[in-house]
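The values are calculated or read from the model by the stated rules, or taken from the named source; none is laboratory data. Predicted model, so just to flag it, every value in this text is computed and none were measured. Note: ideal-geometry Cβ built from the backbone for every residue, glycine included; neighbour counts use all protein chains shown. What goes into the accessible areas is simple: the full protein's heavy atoms, side chains included, and nothing from ligands, DNA or RNA. Shrake-Rupley method; radii C 1.70, N 1.55, O 1.52, S 1.80 Å.
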Amino acid sequence: MPEAVKSNPAENKPVVAGPKPFTTEDEAALREALKRCSAPTFEAAVQYRRTGNPEHVPAVVIGVIERFVEPDLRHKLKDPDDDLRLIEDLGTDSLTMMEIVILVEDVLQMTINNDELRNLRTVGDVKTFIDCKIRGLPQPKPTKFLPIEHIGSVMPVQPPFLFLNEASVSSAGANAKYKITGQEFFLQGHFKGNPVMPASIMLEALGQLAVLYLLEGAVTEPGKVVGPGTIYFTGCEGVRAHRICRPGDLLTLSIKPKRMKMPLATFEGSVRVGQEKAVIVEEVTLTFGYVDAAAAPSSADAAAPQAGKLVPSESAPLDPAITA
Amino acid sequence: MPRVFITGLGFITSIGNDSGAVVKSLTELRHGFEVYAPFQMPEIPCKVLGTIKEFFTDSSDPEDWTWPGRYSIKRETIRSMAPNGLFAHCAMLQAIEDAKLGMAEVSSPGTGLYAASGGSPMLTHHHHERLGKVGVMRCSPVGIIASIVGTLNFNLVAAFRIRGASCGFSSACASSAHAIGFAFDEIALGRQERMFVVGAEDGNLDAILPFAGMRTLSLQSDPDIASRPFDTARDGFVGTGGGAVLVLESEREVDRRGVRPYAEVRGWGQASDGYNVAIPQPEGCGLQLAMEHALRHAGVPAAEVDYVSAHATSTLIGDIAEARALRAVFAAAGATPAVSSTKALTGHGLSLAGAMETGFCALGMAHGFTPGSAHLKTIDPECAGLNVIRETLPKAPAVTLKNSSGFGGANVSVVLKKA
């Protein structure tokens, strides 16, 4: 018994660094661990363990997530969408997250702490998290989910010209939903007896989401934030409308930053209804500028005074007490 | 006092995986024993088990398990279960359908669930072994939920969205009889309108073999004669697992829903031997007291009981103690109710026994039969004076007394009346 106790801690030690020879026993253990995963998942894991090349990691992570998702929801992972939410879209709970993590730890020979798990809400979050961890890079800001109250309190654009109902923002991009209610004022005239959402307004909505990204998701200089009053539209390229959108349609908006160098930020964007493309924008470019972090809260609060309470705690850096 | 009725039943047992199959086995006295492969090792003295057919649960990984395709159970439900949870889950689905309950009635503040299982020795062993081997942070997050004694109620209460009273009972082989008694109380006291009572056990090598160390298991290798309660040649019990579910409902619910109950639970009683941790008091004084309490509570004189479903497990000491207790209760009243032990057919289901056998009694009362005591050739002279019936009688008893006894000298008696 004393020997057994002594030998255990050594086995439990996390692998430190540097590639370790991948033995046939390791391969057998890996095969057993991944026996309920797809063959490509196993292959990717073998490649990663042999070479240490992080390119193989996303396939392993997606394969492990797929294995724990109920069969009738797995098709959602076929066309991997980084914005798939683990709980809402894939039906997993925090226990399943733990099962996913334990298997990923085992397969990729890494250790993940409990506090690192809390911010992982989407498939993209998990992939980015594991990737940064393996490459030894700092973790990006977690995805923030913003309700309409928060959007209204930070945006320079306000109703009736605000076309975002809810949004999620991470450093990698932003997504939002907008439901065409039919009550929009411009639909009275666009068109006569035939309400159709103007493509120009959908482009505007994507621009608004890019504004939200600049305010909430963009990585800024220390002590600075993007000033809401500094953002304006400058141009767009490659705009195509693919689908007529009418009252009742739920628009899913998505933007990703392509280039960001003050004073210009360029994004790609899309509007979809379900799986159908509605509008694709190759490039939309905005101007922006920085202001001191301490100066920002008062202007945001002034826009919607009662919304201050609803601002989630992630906006803490805006608090002058903390930055001072 | 409000009256309580049995309105639904579900069975995954060694003698059948639904009510129809169980009725057939009980009336034709067909046992559920097989030579159990994991026991066939030279160092294992017992050979026979009351096996659960159509299920494979001998793996420590629930995702390896198989069960009949008519039950659809999700991975996230099965992952925290022991084998006894799977058996009981299937029996729950049967009982809900049998009682004609909608999900709104199952998941309501008026519906509770009391359960009893001995936990899962197999999974406890597996998870602790893994803990030592790979470290705790690589162990299943639900290992403990699947292993410990409350696993059955944890899983079922969550899976069926139970919102009323829930609790687990742990008095070994009296556990699910206790669950029936206290479920009766919940309804009789007006706290709940409906209670699920669940008994279940893994009934596999890890769950049963330790009893060989106590010298309480039959060492017979012939499945046809291994379990024979009250017989002179009996040499111990045969283990079994499975799951049984009873739906208990208030009279008001029975009337409101217009369902036809199997039987009425008239009352119950319990008492303890105060004697030994495992050996029954030789005169069965605790069991005698439990029967007397139950009859008094039910307001039924001993002479009106026409069938006793005995606890009798086919052990040397236990059957005699129960026989003496039965004589003490009924001889004084000049009564000779029919006595039988269905463990001759099923084996001993431990925590499952009380619920399973009360379910059998309810089936007999509704379908018009009194289960016989199988495999009885020569009655033990110590058990003389009892009317142990060797064949199933084609007549429903009007009043049934169901006995259960467990470690520590716990004894429970339940009185059922024809509805």
Self-check item: Total accessible area lost when A and B pair, probe 1.4 Å, Å² to nearest 100
Solution: 1500
Quiz prompt | Among B:P261, B:P38, B:P223, residue whose mean-square fluctuation peaks in a GNM of chain B (springs only between Cα atoms under 10 Å) | solution = B:P38
Quiz item: Can you pull the three principal axis extents for the Cα set of the range B:74-120, in Å, largest first?
Solution: 29, 22, 19
Quiz item: Which parts of the range B:55-89, residue by residue, lose 30 Å² or more of accessible area when the rest of the protein chains are there, as against the chain isolated (1.4 Å probe)?
Solution: B:E63, B:K74, B:R75, B:E76, B:R79
Quiz item: Looking at the range B:183-312, what % of the alpha carbon pairs are farther apart than 20 Å?
Solution: 64
Quiz item: Roughly how many debye, to the nearest 20, is the charge dipole of the protein assembly as shown about its Cα centre, given +1 on each Lys and Arg Cβ, -1 on each Asp and Glu Cβ, and no other charges?
Solution: 880
Exercise. For each pair in B:K343/B:K377; A:K78/A:K179; A:K76/A:K277, compute the distance between the two Cα atoms and list the pairs where it is over 22 Å.
Key: A:K78/A:K179
Self-check item: Label point distance in nm, A:F233-B:R30, each placed 7 Å from Cα along Cα→Cβ
Solution: 7.8
Exercise. Work out which residues of the range B:140-175 lose at minimum 40 square angstrom of accessible surface when the other protein chains are put back, relative to the chain isolated, with a 1.4 angstrom probe, and list them by number.
Key: B:P141
Practice problem: Would you calculate a helix-derived [θ] at 222 nm for the protein assembly as shown, using -39,500 (n - 2.57) for each DSSP H run of n ≥ 4 and dividing by the full residue count, to the nearest 500? | Solution: -10000 deg cm²/dmol
Exercise. Report, in debye and to the nearest 20, how large the dipole of chain B comes out about its Cα centre when Lys and Arg carry +1 and Asp and Glu carry -1 on their Cβ.
Key: 700
Quiz item: For the range B:62-128, what's the relative contact order in percent, using C-alpha pairs closer than 8 Å and at least 6 residues apart?
Solution: 33
Quiz item: Relative contact order for the range B:152-199: what is it in percent, counting Cα pairs under 8 Å that are at least 6 residues apart?
Solution: 28
Quiz item: Given a cut-off of under 8 Å on Cα pairs at least six residues apart, what relative contact order in percent is computed for chain B?
Solution: 23
Exercise. Kindly state, to the nearest 0.05, the FRET efficiency for A:Q183 paired with B:S59, given R0 = 45 Å and r defined as their beta-carbon distance.
Key: 0.15
Quiz item: Over all Cα pairs of the protein assembly as shown, how is the pair count split among 20 Å bins, expressed in % and running from 0 up to the last occupied bin?
Solution: 15, 35, 27, 18, 5, 0
Exercise. Enumerate by residue number the GluC sites (Glu not before Pro) in the range B:53-112 meeting two conditions: DSSP loop (anything except H, G, I, E, B), and at most 14 other Cβ atoms within 10 Å of the site's Cβ.
Key: B:E54
Self-check item: Pairwise Cα inverse-distance average, inverted: Kirkwood Rh of the range A:168-262 (Å)
Solution: 15.0
Exercise. Over the alpha-carbon set of chain B, divide Rg by the Kirkwood Rh and report the Rg/Rh ratio to two decimals.
Key: 0.95
Self-check item: Difference of contour (0.36 nm per residue) and Cα-Cα distance, A:D81 to A:E283
Solution: 70.7 nm
Practice problem: Find the accessible area per residue for the range B:4-418; the probe is 1.4 Å, ligands and nucleic acids are left out, and the unit is Å². | Solution: 35
Quiz item: For the range B:4-418, what proportion of DSSP beta bridges, expressed in % and rounded to the nearest 5, is antiparallel?
Solution: 70
Quiz item: Percent antiparallel among DSSP beta bridges with both residues in the protein assembly as shown, to the nearest 5?
Solution: 80
Self-check item: Apportionment of accessible area to carbon and sulfur, the protein assembly as shown, percent (1.4 Å)
Solution: 56
Practice problem: Return one quarter of the surface area of the convex hull spanned by the alpha-carbon atoms of the range B:106-215, equal to its mean projected area, in nm². | Solution: 7.9
Quiz item: Considering the dipole of the protein assembly as shown built from charges on the beta carbon (Lys and Arg +1, Asp and Glu -1) around the Cα centre, which of B:A353, B:P301, B:S341 is farthest to its positive end?
Solution: B:P301
Self-check item: Above-threshold pairs, the threshold being 27 Å between Cα atoms, out of B:K47/B:K74; A:K144/A:K224; B:K100/B:K417; A:K177/A:K258; A:K127/A:K177
Solution: B:K47/B:K74
Practice problem: Grab the alpha carbons of the range A:133-215, take their convex hull, and tell me the volume per residue in Å³. | Solution: 104
Exercise. Kindly tabulate the residues in the range A:90-126 with an accessible-area decrease of at least 40 Å² between the chain alone and the assembly of all protein chains, using a probe of 1.4 Å.
Key: A:L95, A:E99, A:I102
Quiz item: Taking the Cβ-Cβ separation of A:R259 and A:D131 as r and a Förster radius of 35 Å, what is the calculated FRET efficiency to the nearest 0.05?
Solution: 0.95
